[in-house]
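The values are calculated or read from the model by the stated rules, or taken from the named source; none is laboratory data. What you see is a predicted model, and the numbers here were worked out from it, not measured in a lab. Here the Cβ positions follow ideal geometry from the backbone for every residue, glycine too, while neighbour counts run over all protein chains shown.
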């Protein structure tokens, strides 16, 4: 039985070149489906992995109660001071609390090659602001000088927006701000611009107000007591969030549109490809009607015939899937784009064609091949031998 | 003529399975085409229905930076400005976590500048005279079952009350409609009274948000926009003034390169379908060469046979396009009802026109080569099976 099956499968595969046109239909159809699927989900993956990489689990963010996002929040100098002296706060080597009062504003800058502006987050950070972001390093130029209108720019923002390179300046609130450095952090902060907190408070006329207090904790066990102390304080109305969780939670909303679009497009295209594959396999079976009937007449059982048709369909599908995934990889992997992230501003990210994604794409291809091959295979197996021999 | 059509119809369904499968994959292709093209039009053209006669004045830094209310008389004094209103984003949250598009505004100015909102005189007057009053868009009111006269508890995720609490309460005094269907689809937000808002919030009076400017002459919009921006140049509150359409377009362009990606997908989809259908059509013609030869024997000429095959391809594509685009329209109007963000997405005449053009192009691309071949067959060879 096994031997029969292998023989028929090989016989069948060897005859594919004679049916090249029809076979190509399956390959190209499925390459299209898998290519589009891979490209769209590589985008979703890129967004998710950027957000998941953002934030330190040892950092706590103190926001005003009910504000949901940094951009909506306002906390006072008093809040910052109380957070600095709360239990569990990590100290620097010279005994200062690891705390950064931060002010977030949104600036609209022109995207490269476009006249329409897009929003970028401008973040005023405190003295410990850079140290509280362990992934962050200045890759070009230098850090800003407190008190001067100087900016350092994330690598992603520098790539996406016009005029954000070292030595250039940006006009904000009626005066020029010089870009003095570019930083790398491989997370969502790369989409932002940093400056000195006091300078930003002055420029935006918001003295002694912050959006958030970012606090480094001594160890993970300190999160509970720190939160409990601040939320129990009657002078404060705050909520405390773990910085890592805060950004991970954004994966639910950011890029949601891409995921929905990707799913809808993949399902509809896959359906279309199933119909096309069915068409091709029915045609393939009907051109081989006499051959199959002859095999049946000389004693081959229906099972190997079914297998041979299925193997043909699924191998072609797999080939198409591999071509589609490869195309998506070559065209899109690593491509840097930006979209609307949390809080009205741009999140810069790279397409990520991961092995897992390619695996899902190939599974999709096999599924289409299976569905497209099954009915034609059954028809081939149960064809009445006598009529089939007289066919065509 | 009728006879010709029934001949096409009959030969189309000659192989039922194949015709159905081809039709189904065409339907899938045009369903996708309709959906993606509607999205693409939405992202590139923005909300096209917005009146061009208004300008929006926002902070040059970004629209999230509030402009101060003291700028109002200065903007109103710029030549060519007929009237000004202002909208402050309130950050409204209903229940646990439902964002409600809520703006604090001056009722009388809103009524004069946004004439697209339709409400009875009594309701407009109630909005002006009720400090804690709020008016709610029809679709929003229907969604949550809100009625005129009821109290509405609404949190703000930005503005605390003087007491530090975030929980505000408003009285619904009116429900507004849009002047036409596209404005009606936009009635998913609400307005609160700016006087009460600026008095009761902890950060104090002073910030107006963005200004909406009604012009004397819509054709002068560029001049007036430049005059407003020049008026505030080199102040901490530099402005960026643009038409309402461009303002909305800028908002949607934040979504990023979706338009480009959508068009890439469309190309991929169409290329794929072209190959699939083209192959099926060619195969159908190959199988029917003897039949076509019989037709020629009966007196059909070359042109007629070519037309016959071409018409068959067109008919199949047209069926697929009509059903697919129809399904897409249904799906889009469902989506627009359910998801506020997509309220302005339409499978409108543009999308249908592009769909039908694509259908014709597809029909020609897949139908013409086999049609020409069919026209050229020689009766003797074909009947002899050569």
- prompt: Which ones in the stretch A:40-65 are more than 15 Å from residue A:256 (Cβ to Cβ) and modelled with pLDDT under 90?
  reply: A:65
- prompt: Does residue B:305 count as assigned by TED's automatic domain parsing to the domain that holds residue B:262, more than 30 Å from residue B:262 (Cα to Cα) and crowded, with 19+ Cβ neighbours inside 10 Å?
  reply: yes
Count - residues of the stretch A:3-23 that are crowded, with 18+ Cβ neighbours inside 10 Å and closer than 26 Å to residue A:272 by Cα: 3
query: Could we say that residue A:176 is within 14 Å of another protein chain (Cβ to nearest Cβ), outside any strand (DSSP E or B) and either touching a residue at least 24 places away in the same chain (Cβ under 8 Å) or out of contact with any strand residue (DSSP E or B) (no Cβ under 8 Å at 6 or more places or on another chain) (or both) here?
result: no
- request: Name the residue, out of A:210, A:226, that is surrounded by 15 or more Cβ atoms within 10 Å (Cβ to Cβ) and over 24 Å from residue A:106 (Cβ atoms).
  value: A:226
query: So which of B:291, B:244 is more than 14 Å from every other protein chain (Cβ to nearest Cβ), surrounded by fewer than 21 Cβ atoms within 10 Å (Cβ to Cβ) and closer than 30 Å to residue A:119 by Cα?
result: B:244
Selection within the stretch A:109-122 - touching a helix residue (DSSP H, G or I) at 6+ places or on another chain (Cβ under 8 Å) and crowded, with 22+ Cβ neighbours inside 10 Å: A:118, A:120, A:121, A:122
Complete set of residues in the stretch B:250-267 that are more than 7 Å from chain A (Cβ to nearest Cβ) and either out of contact with any helix residue (DSSP H, G or I) (no Cβ under 7 Å at 6 or more places or on another chain) or free of Cβ contacts under 8 Å to residues at least 24 places away in the same chain (or both): B:251, B:260, B:261, B:264, B:267
task: Identify the single condition in (1) outside the structural domain of residue A:76 (by TED's automatic domain parsing); (2) crowded, with 17+ Cβ neighbours inside 10 Å; (3) under 30 Å from residue A:49 (Cβ atoms) that residue A:285 does not satisfy, given that it satisfies every other one.
output: (3)
Odd one out for residue B:85 among (1) within 14 Å of chain A (Cβ to nearest Cβ); (2) closer than 30 Å to residue A:175 by Cα; (3) over 24 Å from the mean Cα position of the chain (by Cα): (1)
statement: All conditions in (1) touching a residue at least 24 places away in the same chain (Cβ under 8 Å); (2) within 14 Å of chain A (Cβ to nearest Cβ); (3) assigned to a loop (DSSP other than H, G, I, E, B) are true of residue B:79 except (2)
- prompt: Among (1) buried (at least 16 other Cβ atoms within 10 Å of the Cβ); (2) at pLDDT 95 or above, which single condition is residue A:187 missing?
  reply: (2)
Only listed residue being more than 21 Å from residue B:66 (Cβ to Cβ) and over 22 Å from the mean Cα position of the chain (by Cα), chosen from B:216, B:180: B:216
query: For the stretch A:52-170, list the strands (runs of 3 or more DSSP E) that sit wholly inside it and hold at least 2 residues that are within 14 Å of chain B (Cβ to nearest Cβ); which are they?
result: A:59-64, A:99-110, A:117-125
message: Restricting to the stretch A:236-283, name every residue that is more than 11 Å from chain B (Cβ to nearest Cβ), touching a helix residue (DSSP H, G or I) at 6+ places or on another chain (Cβ under 6 Å) and closer than 30 Å to residue A:373 by Cα.
response: A:259
query: Are any residues in the stretch B:143-170 assigned to a strand (DSSP E or B), within 11 Å of chain A (Cβ to nearest Cβ) and loosely packed, with under 14 Cβ neighbours inside 10 Å, and if so, which ones?
result: B:167
query: Has the stretch B:268-279 got any residue that is facing chain A (nearest Cβ under 10 Å) and within 14 Å of residue B:371 (Cβ to Cβ)?
result: yes
- line: The one condition residue B:209 fails out of (1) facing another protein chain (nearest Cβ under 10 Å); (2) buried (at least 19 other Cβ atoms within 10 Å of the Cβ) is (1)
- request: Within the stretch A:73-91, identify whether any single residue is out of contact with any helix residue (DSSP H, G or I) (no Cβ under 7 Å at 6 or more places or on another chain), at pLDDT below 90 and assigned by TED's automatic domain parsing to the domain that holds residue A:143, and answer yes or no.
  value: no
query: So, in the stretch A:329-345, of the ones that are touching a helix residue (DSSP H, G or I) at 6+ places or on another chain (Cβ under 6 Å), within 10 Å of chain B (Cβ to nearest Cβ) and crowded, with 20+ Cβ neighbours inside 10 Å, which residue ends up nearest to residue B:261 (Cα to Cα)?
result: A:332
- request: State whether one or more residues within the stretch A:152-159 are in contact (Cβ under 8 Å) with a residue 12 or more places away in the chain, in the same structural domain as residue A:99 (by TED's automatic domain parsing), over 30 Å from residue A:86 (Cα atoms) and surrounded by fewer than 17 Cβ atoms within 10 Å (Cβ to Cβ).
  value: no
